[in-house]
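Values in this text are rule-based calculations from the coordinates and carry no lab data. These numbers come from a predicted model, not from an experiment. Cβ sites come from the backbone with ideal geometry, for glycine too, and all protein chains shown count toward neighbours.
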Amino acid sequence: GNWAVWSAPASRENDRRRDRRSMASPSTHGAFEVDGVHTEVLVTDYGTRVLVLVTQIGKLGTMFLARGASAGPAGASAGLDPPDVRVLVGRHDDEMLEAAARRIAHVLKGRGIDKEILVSLGLPPKGLGVASLRGIVRCASEFALEALGA
C-alpha cells in the first residue's frame, strides 16, 4: 500500500532528470596547440546565444557579450561593422582581449550567426604577443564556425 505512494514521486523525479538531460544545449570541445601552448575551445549553442569559450589557463577568464552587426551572406564579413562588445566579468581594461573577442564575434556574425555571442577568453594576463593572439582568434573562430555548421 504505502510503497506505491513513495515510488510514484521517485518515478516523477527520474522523469524530470531525463527531461533536463534532453534539454541540454549542444556543445563541441576542441583542444589545439597555438604557438606551443595548449589551448581549449568550447562552443555551446543556447538557441538565442552562442558561447565561445577559449582558455589556455583552464579558467573562464574574461567574459564578453557581443551584439549588433547584422549577419550578411556567408563570407561577406568584410562589409559588416564589427559588433559592439562589452565586458560582463573580468578584466575591463584589456584592449587586446576586447579586440580578440570582437574579432571572434565579427567572424561568426559575418558567416551568418545572427545571435548574441558570448566570448570567454581565459588567457595569460601578460606575455601574449599580437601574433599569438591572432593565432588564438583564428583557431577559435574556425573551430566555432565548424561547430555551428556555418
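Couple of notes before you dig in:
- Relative packing of peptides 27-40, 48-61 - highest average C-beta neighbours within 10 Å first: 48-61, 27-40
- Extending 7 Å from Cα along the Cβ direction at residue 48 and again at residue 32 yields two label points whose distance is 3.0 nm.
- Relative contact order of region 26-148, taken over Cα pairs closer than 8 Å and 6 or more residues apart, is 31 percent.
- Only beta bridges with both residues in region 26-148 are counted; by DSSP, about 75 percent of them are antiparallel.
- Here the 3J(HN,Hα) profile of region 123-133, calculated from phi with Karplus coefficients 6.51, -1.76 and 1.60 at θ = phi - 60°, is 10, x, x, 9, x, 7, x, 4, 4, 5, 4 Hz, Gly and Pro shown as x.
- Ordering 113, 131, 97 by the projection of their Cα atoms onto the charge dipole of region 78-140, which places +1 on the Cβ of Lys and Arg and -1 on the Cβ of Asp and Glu, puts 131 at the extreme positive end.
- Amide H contacts under 5 Å for residue 123, placed H, 5+ residues apart: 56, 62
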